[in-house]
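Colleague: Here it is, the structure in full.
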Amino acid sequence: MSQKVRSRRLGSVLEAIGNTPLLRLAKVAPNAPDVEIYLKLEFANPGGSVKDRPALRMVQDALADGRLTTDKILIDSTSGNTGVAYSLIGAALGIRVELVMPKNVTKARKDITQAFGTSLIFSDPMEGSDGAIRLVKSLVDAAPDKYFYPDQYSNPSNPLAHYHGTAGEILDALGDRITHFVTGLGTSGTMMGTTRRLHEHTRKVYCVAVEPAEALHGLEGLKHMASSIVPPIYDAGVPDEILPVSTEDGWDMADKLAALEGLHVGHSTGANVAGAVVLAERAQREQGGGCVVTIACDRGDRYFAPLRWERRYTW
Ligand SMILES: Cc1ncc(COP(=O)(O)O)c(C=O)c1O
C-alpha cells in the first residue's frame, strides 16, 4: 500500500504534500526492546518539512471561502520552513508571496525562499521575530485588500491539516497498535491537530508535547511556552503531558539518528525522538511494550549554509 502511495502519478507538486512514510527506528532505544518507535518522515514533503501541510491547508481554505484570490499577495512573517512552504505553494498556484524577516537571518534562508520568486521585506534585526510580526501587521493594516495574511499562529486551518492529514495517515498505517504520540510545540499545530484526532480513536492514545527545557534554547522550530507569546491555536488542555527536553539531549539524538539510523534531521526532530525514547522506556517498564509515534519535522541540511547556491558564470 505505501509502495503504491509513494510511486503514484501526480498532476501538481501540491499533490506530493502528505502521505509521508512512517519509518520504524531500530537502534535508538536499546532499553525498550519490546516497544516499537515510528518516525513520520515529514522531510519527504516537497518543501522539505512538516510545514507544507498547514501552509497548503491555510491557502486552500482561504481560496475556498474567498479570503484569498489570485490577485492578492500572500504575506507572512517567517524565515523558516513555513516560508519555504508558502513560496513553493505560491509558485505552483500563481500567487505572489512576500515574507517579512529580520534583516540578519542567514543568507541561506533568504536564498531558499527567493529561489521560488518570493519577495523579501526586511525588519529591524534588533527587534527579532517580534519586529517582523509587528511589521507584517502594519503592512496588512495599511492595505487590507492587497494582502492575504494566513497568520499560522492563530489560523485553525493549521491544526486541521494535521487532524485530517498527519493523524489520519498514522491511524491508517498503525491502527490500534499505536499507544503513544509525541511531538514538539512550535505554533503547536502539529500537536493540537494530531492529538485531537488520536484522542477520538477508540483505543486510548497517550499524547505528549515536547517543550524545550530552557527558555534560551537551540531547538529551532520549538517554543518554550512559559517565556513566549502563546499561540492562540494552543490549548494547554489538549496534551496528556508536557515533557521538557534539553537542547543537549535534542542535539545528541539528532547526531545519533544520523550515525545509527542514516537520518540527518534537524534538532527539533532530535528533541522529538529523545521524547519518544523517554516514553518507550517508560512503556517498557510499566506496560512491557507499546508503540510510540513521533515526527521528523525537517532535514538537518536545512541548517547548513549552501556551499554554492548563487548562479555564477566563471568560465
Ligand atoms: C523545524 C521545525 N520543527 C518543529 C516545528 C513545530 O511545528 P508546529 O508549528 O506544528 O508546532 C516547526 C514549525 O514551526 C519547525 O519548523
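The values are calculated or read from the model by the stated rules, or taken from the named source; none is laboratory data. As the structure is a computational prediction, the values presented were derived from the model and not from experiment. So basically every Cβ, Gly included, is an ideal-geometry build from the backbone, and we count neighbours across all protein chains shown. Calculation scope for accessible area: heavy atoms of the full protein, side chains included, ligands and nucleic acids excluded. Shrake-Rupley method; radii C 1.70, N 1.55, O 1.52, S 1.80 Å.
Colleague: My understanding is that a pair violates if its Cα-Cα distance is over 29 Å; which of Lys27/Lys107; Lys51/Lys204; Lys40/Lys204 do that in this structure?
Modeller: Where the Cα-Cα span goes over 29 Å, the pairs concerned are Lys27/Lys107.
Colleague: Next question. Mind giving me the FRET efficiency for Leu174 and Leu216? R0 is 30 Å, r the Cβ-Cβ distance, nearest 0.05 is fine.
Modeller: Numbers: r = 36 Å, r/R0 = 1.21.
That gives a FRET efficiency of 0.25.
Colleague: When the solvent-accessible surface of protein heavy atoms is calculated with a 1.4 angstrom probe, in what order do Phe304, Phe116, Phe181, Phe43 fall, highest first?
Modeller: Correct descending sequence by accessible area is Phe304, Phe116, Phe43, Phe181.
Colleague: Based on alpha-carbon positions alone, could you give the equivalent ellipsoid semi-axes of the chain from the gyration tensor, as √(5λ), descending, whole Å?
Modeller: Taking √(5λ) for each Cα gyration eigenvalue gives 32, 21, 20 Å.
Colleague: Here is a follow-up. Among the trypsin sites (Lys or Arg not before Pro) within the stretch 76-107, which fall in a DSSP loop and have no more than 15 other Cβ atoms within 10 Å of their own Cβ?
Modeller: Passing sites in the stretch 76-107 are Lys103.
Colleague: Angle between the Cα long axis of helix 267-287 and the longest principal axis of the chain, 0 to 90 degrees, nearest 10?
Modeller: 20
Colleague: Go ahead and estimate [θ] at 222 nm for the chain from helices alone: -39,500 (n - 2.57) per DSSP H run with n ≥ 4, summed, over the residue count, rounded to 500.
Modeller: Values: 10 runs with 115 residues, N = 315.
Theoretical 222 nm ellipticity from helices: -11000 deg cm²/dmol.
Colleague: Can you give the extra length, in nm with one decimal, that the chain gains between Lys27 and Arg203 once fully stretched, where that is 0.36 nm per residue apart less the Cα-Cα distance?
Modeller: Details: separation 176, 0.36 × 176 = 63.36 nm, distance 2.73 nm.
Gain on extension, Lys27 to Arg203, equals 60.6 nm.
Colleague: For the chain, modelled as a GNM with alpha-carbon contacts under 10 angstrom, which of Thr113, Thr70, Thr202 fluctuates the most?
Modeller: Of Thr113, Thr70, Thr202, the most mobile in the Gaussian network model is Thr202.
Colleague: Would you mind counting up the charge near Leu135? Only other residues with Cβ under 9 Å from its Cβ, with Lys and Arg at +1 and Asp and Glu at -1. Before the final figure, lay out the partial values.
Modeller: Working: positive: Arg134, Lys137; negative: Asp124, Glu127.
My count for the surroundings of Leu135 gives 0.
Colleague: Taking θ as phi - 60°, what are the ³J(HN,Hα) couplings along the stretch 35-40 by the Karplus curve (6.51, -1.76, 1.60), each to the nearest whole Hz, with x for Gly and Pro?
Modeller: 10, 7, 10, 10, 10, 8
Colleague: Next question, about the same structure. Pull up all non-local amide H partners of Ile73: gap of 5 or more, or a different chain, and H-to-H distance under 5 Å with H placed in the peptide plane.
Modeller: Sorted by chain and number, the residues that satisfy this are Tyr147, Phe148.
Colleague: Cα to Cα, under 16 Å, and not fewer than 8 places away if on the same chain: which lysines meet these conditions relative to Lys146?
Modeller: Output for Lys146: Lys72, Lys137.
Colleague: Could you calculate the FRET efficiency of Arg134 with Ala64 from 1/(1 + (r/R0)^6), where r is the beta carbon distance between them and R0 is 25 Å, rounded to 0.05? Present the calculation step by step, with values, prior to reporting the outcome.
Modeller: On the way: r = 29 Å, r/R0 = 1.18.
Plugging the Cβ-Cβ distance into 1/(1 + (r/R0)^6) gives 0.25.
Colleague: How large is ³J(HN,Hα) for each residue in the stretch 160-169, as worked out from phi by the Karplus curve 6.51 cos²θ - 1.76 cosθ + 1.60 (θ = phi - 60°), to whole Hz, x for Gly and Pro?
Modeller: 3J(HN,Hα) across the stretch 160-169, in whole Hz: 4, 4, 7, 4, 7, x, 3, 5, x, 5.
Colleague: Please compute the per residue accessible area over the chain with all protein chains in place, 1.4 Å probe, rounded to a whole number of Å².
Modeller: Here the residues of the chain average 47 Å² of exposed surface.
Colleague: What percentage of the solvent-accessible surface of the stretch 16-92, computed with a 1.4 Å probe over protein heavy atoms, is contributed by carbon and sulfur atoms? Numbers along the way, then the final one.
Modeller: Working: 1180 of 2560 Å².
Answer for the stretch 16-92 is 46 percent, counting heavy atoms of protein chains only.
Colleague: Moving on to the next point. Give the aspartates and glutamates whose C-alpha is closer than 15 Å to that of Lys256, dropping any in the same chain fewer than 8 places away, or say none.
Modeller: List returned: Glu248.
Colleague: How many nm is it between the label spots at Ser154 and Ser12, if each spot is 7 Å from the Cα in line with the beta carbon?
Modeller: Calculated label separation equals 2.8 nm.
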